[in-house]
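Reading through the structure tokens given below for one structure.
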Amino acid sequence: MIFLLGSTFENLESDLRHSGPDSNTCSPPAGNGAVIAMKAGESAHTPLDFYQMFLDELCSLTVKPVTLDELVAMTALHKSQISEWLKRAVDDGHIVKFNHPVRYQCVDNKE
């Protein structure tokens with residue numbers, strides 16, 4: 001299993017071709033990315049938190065209040081997933097929900 005941080009598929013593909021079929025690791029790709037190679041059966045110490053990634057982007061997307069449909073268009077995430085995360089973000093105090101019409105804005109961006 002290989003995790004990529006800031007790399008491209010083409011760089012990974014090239015590195016894998018040069019690392020050989022029996023190799024459990026590969027060298028970092030060209031560019032700014034890093035590859036963390038793990039042997040089969042190992043698990044990552046810190047799992048990805050997609051909700052946190054969503055929150056990190058949410059403030060830049062909600063400089064002005066936005067609707068659920070606008071967030072769906074901006075992120076290409078499923079509407080049901082965004083709805084779930086928006087409810088959680090409101091409960092956690094990260095965003096404010098406005099009514100009539102329903103819109104959302106990051107607490108840091110609230111005027």
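Just so you know, all these numbers are worked out from the coordinates, no wet-lab data involved. Here the structure is a predicted model, which is why all the values come from computation and not from measurement.
Taking 0.36 nm per intervening residue step and subtracting the Cα-Cα distance, what contour gain separates LEU48 from SER80 on full extension?
9.5 nm
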Which residues qualify? For THR62, with a placed amide H closer than 5 Å and at least 5 residues away or on another chain, they are CYS106
